[in-house]
Every structure is written in structure tokens, then in C-alpha cells.
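Q: Handing you this structure, nothing more for now.
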Amino acid sequence: MMRCEEQLAEPELDKVASLRSQLPESQVLDRSVLAARDPGWDAGNLNAFALVRPGSVADVVELVSWCRAQRCAFVPQGGRTGLVGGAVTTPDQLICDLGALDKIEEIDPDSGIAVVQAGVTLGALQEAAAAFGLHPGLDLAARGSATIGGLIATNAGGITAFRTGVMRHRVLGLEAVLPDGRLVDDMTRVLKTSAGYDVKQLLIGAEGTLGIVTRAVIRLDPLPNGRATALLGLNGAAQALDIVRHLRGGSSPLLAAEIMWSGFAAVTCAAIGLDPAQLPLRSPCLLLVELGGASFEAARTALEEALAALAETEPDLDGVVCTSMAQSAQLWRLREDTDVLYRLHPQAPSYDISLPAREFDAYVARLRPALKAIDPAIEPYLFGHLADGNLHIVLNLSGPLRPDIRAAVDTAIYGELRGLGGSFSAEHGIGNKRIAALQRHADPVKVALMAQIKTLFDPDNLCNPGKIIA
Ligand code: MLT
Ligand code: ZN
């Protein structure tokens, strides 16, 4: 094995030595160490010359001031689960890894808040809040790795957004280190503060381009003690939406309403080894719904009763209601094991759009032939968060696509979204992968304002450059 000094060029060695003179040595990992690490979702995440793991907020301030003095670009990173290249680095850049800022500082059940450091994983916060019968109001498949700082940076949405909002609705207070080295401390612990421009909201969804989020106050909601899941086979999204409306009108809270088209479910079903004969896989569409209740049994009974009532108006309703939490977990894997798509089709092009859910069927009916007209082999895998109109589209092709094909696919997928009141980027962000789409599909005045805001916060373009703004 080569020693790290042999792998690093002279200027990099100087920078690493300088960093180690200012921050605890153990916090500074150079490129040779990074090469052996898992880069996470994007192979380019760990391309930087070094990674620093600050142990305190003061260390983050120190790191940013070092970067300013050296004119070295820095990229904040959390769990590296982002899907649009928001954490990708180049060899001249430094990673600021927030993973060591992993303390849940406080859970206050009276105010219904948690005070957390940026590197706390969503799963850890969910678990800590659950001990008080509370929930952070956010859930997604990457909960085990995704960090609060990263979820704030991407304004994550996920499974519960239709009920509890997206990340910007969960953040009451925020602390961040700005690109000029100042610490902005807006750790408000209350919902109501109408005090001029809400600067923290600019940092939420900024993907680390306006500063490094270090701490946050997260709003918590009551968590039902039990939950029960059903998987229903349906003829389309409109029927699924009718069922969602019915379930939302009942007395047990609807916790999830995830839609999958059968092509997607067939692939995940095979990959996780579920018996397809036990599932309503012959239907064009599947809906995974979850109700909350005082216990698993109570939630299950409520779900069975609600579905029985539905059967009067939907006599062909087909599906399974889970009989145990273990079975429920299996049904969730059918929806959440999206990695299997990317194993089948490495670097498969993926899209994350939103539009009014009532338009899903018509949109999908137009999309399929439009994609086939580009290449008859294209089949989209379709799944998403029905109740908030978020549709994920993954193509059955290994990427990257030829530029002309990519442009045609982008037009087919994005073309009508703005007119429908939807978005070309629902919950994954812009990163470095959706910059062209932002330029093309967002309001030009808004895009111009975004560039002005970036210049105001980061005139030297040192803070996660090349993301969101070209
Ligand atoms: C999901 O909902 O599973 C993710 O947001 C989408 C994905 O992995 O493509
Ligand atoms: Zn999603």
C-alpha cells in the first residue's frame, strides 16, 4: 500500500498540513484515506483532496475561515444519500463532513421540539422522539444514513409530507456558518415568529450553497402507538386517490399513501423474494396505505373496517392487509428498495417530479408513448408519494444517456409540468444534475434572484460551488 504522502501532490500536502495545524489532526482525512471509503450514492462524492470532520460548531467556523484564507472551495456533506449530485466534489475542494456533530441536544415534549446537531441521522431522531411518543414529521427510505443537516439542505419531503409538510415546515430554528465565516444563530423554538425576512428559509433547500447548517430546532408531532399497512391493487392513480380521500376522512390518521405502478413493484418483489401470487401484482397500480391507531391491532381493525366500507363503492378492490408488523415491513420493502432498479440498470436516469395527483393517470398515459417515440426500448418505472403529487420516474436504461436522447427525455418528462402547476424537482433538489432543468423550466426572474442571493451570501463562490447555480 502506498503511503498517503506518495499519493498527494505538493500543494495538497501543504494544504493538509496547514489544516492539521489549525484543527485536531484526527479530524483531517486526506485523499488516500478517502479513496478507501464508501462514497455513498454518488461515486464523485469523495473526490476532494481532503475531508474534515469538525467536532464542534467552533471547528466549522475555523474550517470556513481557513477556506476563506486559502480561497479553497468547500462542500458540506451529511449522509451522502442525495440523488442529484449536491455533495459531489472535485480534487481541488475540501469536504466538511458534519457526521461528528451527532448530538440530540434536547427533546422538549411540552413544546414538541427537538434541538439537534446537523449530523444526527433521521433514524436516530425518530427513535429518540418516539421515546416521548413523538415524531419529527419526516420519514424516508434513507432514514438510517440521511442526516438532519442534509435533509434541511435538500428540503427533503418523503412519505409523510402530505400530512406534516416538507423539511422547511419542520424547522423552527436554525444555526449555520455562513460563507463569510459568521455564525447565524436563529435557534427559535416556537412556531410563531413574524420578524421580517425569514433568512433560515433561504438556507433550507440551498443544498449547502449559502452556508453550512450546524444545528436546528425541529418540530415534533404526536406519534400513534400502532400502525397497520395494506397493499391494494388498483386500476390507476385516480382510484388510488379516491381511496386516499376516503381514508383521510376516517377517524384514524392516514400515515402513508405510496403508489407504485406494476412494472416497478414486479422488480422489487422479485428482488426481495416475496411471493408474487400473494400480492395484487396483476393490477396496473398498487397503493400502499398505512393507518395509525392506539395499537397495531386497533390500527389494523380500523384499516379493515375502512376497506370493507370502501368495498361497497369499489367492489373489485383487491389487496392484502398485513397481519403482523413483520409483514408490514415486507410490504414497505416492496416500495422502499429502489436500489434494485439501479443495480439492474446502473446509473439509470431518474426523475423526481410533482404535479396535481389527479393528473397522474393522464400524465402517465401521455408519457409512455412519448418515451417510446424517443426509443422503443424505454419503459419507465413509476412510483411515488401519491398524496402530495410526487412522482418518481426511473428509466430502464443504463446511464448516462446520449445528450440528444437526454434532451428529448427531459422534454417529454418536464415539458408540461409548469403548466400543470407542478415542479421538475419535487424533493431531491437541484445539485449538479438538474441545473439545466432549473434554467429551462423555472421562472427566469426567480432564477435571476437565486443567482443574486448566492452572490450576496457567497461572493467568492467558495461554498459548494457548481450546485444549483451554474
Ligand atoms: C423514494 O421515495 O424512494 C426516493 O425519494 C426516490 C428514489 O430513490 O428514487
Ligand atoms: Zn421519494
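Q: So what J values fall out for the range 285-300 if you push phi through Karplus, 6.51 cos²θ - 1.76 cosθ + 1.60 with θ = phi - 60°, rounded to Hz, Gly and Pro as x?
A: Couplings: 9, 10, 10, 9, 10, 9, 10, x, x, 5, 8, 4, 4, 5, 5, 5 Hz.
Q: Quick one: which of LYS192/LYS446; LYS15/LYS454; LYS200/LYS446 span more than 23 angstrom between C-alpha atoms?
A: Check vs 23 Å cut-off fails for LYS192/LYS446; LYS15/LYS454.
Q: Follow-up question, since we're still on this one. Set the Förster distance to 22 Å, then compute FRET efficiency between MET325 and ARG248 from the Cβ-Cβ distance, nearest 0.05.
A: 0.45
Q: If you don't mind, there's one more thing I want to ask. Would you work out the charge dipole size for the chain about its Cα centre, treating the Cβ of every Lys and Arg as +1 and the Cβ of every Asp and Glu as -1, and quote it to the nearest 20 debye?
A: Computed about the Cα centre, the dipole is about 720 debye.
Q: Next question, about the same structure. With the cut-off at 1.5 for a/c, could you classify the range 226-337 from its C-alpha gyration tensor as rounded, prolate or oblate?
A: Because a/c hits 1.5 or more and a/b fails to exceed b/c, the range 226-337 counts as oblate.
Q: For the range 387-470, what is the relative contact order in percent, using Cα pairs closer than 8 Å and at least 6 residues apart in sequence?
A: It rounds to 26 percent for the range 387-470.
Q: Report the relative contact order of the chain, percent, no decimals, based on alpha-carbon pairs under 8 angstrom and at least 6 residues apart.
A: Worked out over the chain, it gives 15 percent.
Q: Another one. Where a Cα-Cα gap under 15 Å defines reach, which aspartates and glutamates qualify for LYS467, not counting those fewer than 8 residues away within the same chain?
A: Within reach: ASP42, GLU207, ASP458.
Q: Once you charge only the Cβ atoms, +1 for Lys and Arg and -1 for Asp and Glu, what is the size of the charge dipole of the range 346-427 about its Cα centre, to the nearest 20 debye?
A: Dipole size: approximately 180 debye.
Q: State, as an integer percentage, the relative contact order of the range 1-133 based on alpha-carbon contacts under 8 Å between residues 6 or more apart.
A: It comes to 20 percent, rounded to a whole number.
Q: Grab the DSSP H runs of the chain that are 4 residues or longer, score each as -39,500 (n - 2.57), total them, divide by all residues and round the 222 nm result to the nearest 500 deg cm²/dmol.
A: -10000 deg cm²/dmol
Q: While we're here: Aspartates and glutamates within cross-link reach of LYS103: Cα-Cα under 17 Å, excluding same-chain residues under 8 positions apart?
A: Candidates past the 8-residue exclusion: ASP59, GLU127, GLU175.
Q: If you plug each phi of the range 250-263 into the Karplus form 6.51 cos²θ - 1.76 cosθ + 1.60 with θ = phi - 60°, what whole-Hz ³J(HN,Hα) values come out, in order, with x for Gly and Pro?
A: For the range 250-263, the Karplus curve yields x, 8, 8, x, 7, 9, 7, 8, 9, 10, 9, 7, 4, x Hz.
Q: Oh, and also: What accessible area per residue comes out for the range 346-427, rounded to a whole number of Å², with a 1.4 Å probe?
A: For the range 346-427, the solvent-accessible area averages 40 Å² per residue.
Q: Whenever you get a sec, compute what percent of the accessible area on the chain sits on carbon and sulfur atoms (1.4 Å probe).
A: Heavy-atom surface of the chain belonging to carbon and sulfur, 1.4 Å probe: 53 percent.
Q: Another one. Where nothing but the Cβ of Lys and Arg (+1) and of Asp and Glu (-1) is charged, how large is the charge dipole of the range 226-337 around its Cα centre, in debye to the nearest 20?
A: Result for the range 226-337 is approximately 240 debye, rounded to the nearest 20.
Q: For ASN396, list long-range residues whose amide hydrogen, built 1.01 Å from N in the peptide plane, is under 5 Å from its own amide hydrogen.
A: Residues meeting the amide H criterion: GLU379, TYR381.
Q: Also, I was wondering about something else. Share of antiparallel DSSP beta bridges in the chain, in percent to the nearest 5?
A: 85
Q: For the range 1-101, count all C-alpha to C-alpha pairs, find those more than 24 Å apart, and express that count as a whole percent of the total.
A: Cα-Cα pairs of the range 1-101 separated by over 24 Å account for 16 percent.
Q: For the chain, take the alpha-carbon Rg, divide it by the Kirkwood Rh, and send me Rg/Rh.
A: Result: Rg/Rh = 0.98.
Q: Turning to a different aspect of this structure: Determine, for each peptide in 170-177, 181-188, 427-434, 236-243, the mean count of other beta carbons within 10 angstrom over its residues, then list the peptides with the highest first.
A: 170-177, 427-434, 236-243, 181-188
Q: Which whole-Hz couplings ³J(HN,Hα) result when phi for each residue of the range 421-436 is put into the Karplus expression 6.51 cos²θ - 1.76 cosθ + 1.60, θ = phi - 60°, listed in order with x for Gly and Pro?
A: Here the 3J(HN,Hα) series is x, x, 9, 7, 9, 7, 9, 9, x, 10, x, 9, 9, 10, 5, 5 Hz.
Q: Another question, then. When the Kirkwood radius is taken over all Cα pairs of the range 43-124, what Stokes-Einstein diffusion coefficient follows at 10 °C and 1.306 mPa s, in µm²/s?
A: Diffusion coefficient, whole number: 114 µm²/s.
Q: Helix 444-457 against the longest principal axis of the chain: what's the angle in degrees, Cα atoms only, rounded to the nearest 10?
A: For 444-457 against the chain, the angle is about 40 degrees.
Q: Subtracting the Cα-Cα distance from 0.36 nm times the residue separation, let me have the gained length for ASN461 to ASP198 in nm, one decimal.
A: Between ASN461 and ASP198, full extension yields an extra 92.4 nm.
Q: Using DSSP to call loops (not H, G, I, E or B), can you name the trypsin sites (Lys or Arg not before Pro) in the range 1-108 whose Cβ has at most 11 other Cβ atoms within 10 angstrom?
A: When the trypsin sites (Lys or Arg not before Pro) of the range 1-108 are filtered for loop state and at most 11 Cβ neighbours within 10 Å, ARG3, ARG71 remain.
Q: Along Cα→Cβ, 7 Å out, is where each label goes; now give me the distance between the ones at ALA365 and ASP339 in nm to one decimal.
A: 3.8
The values are calculated or read from the model by the stated rules, or taken from the named source; none is laboratory data. None of these values were measured; they are calculated from a predicted model. Note that each Cβ is placed from the backbone with ideal geometry, even for glycine, and that neighbours are counted across all protein chains shown. We work out accessible area using only protein heavy atoms, side chains counted, and drop any ligands, DNA or RNA first. Shrake-Rupley method; radii C 1.70, N 1.55, O 1.52, S 1.80 Å.
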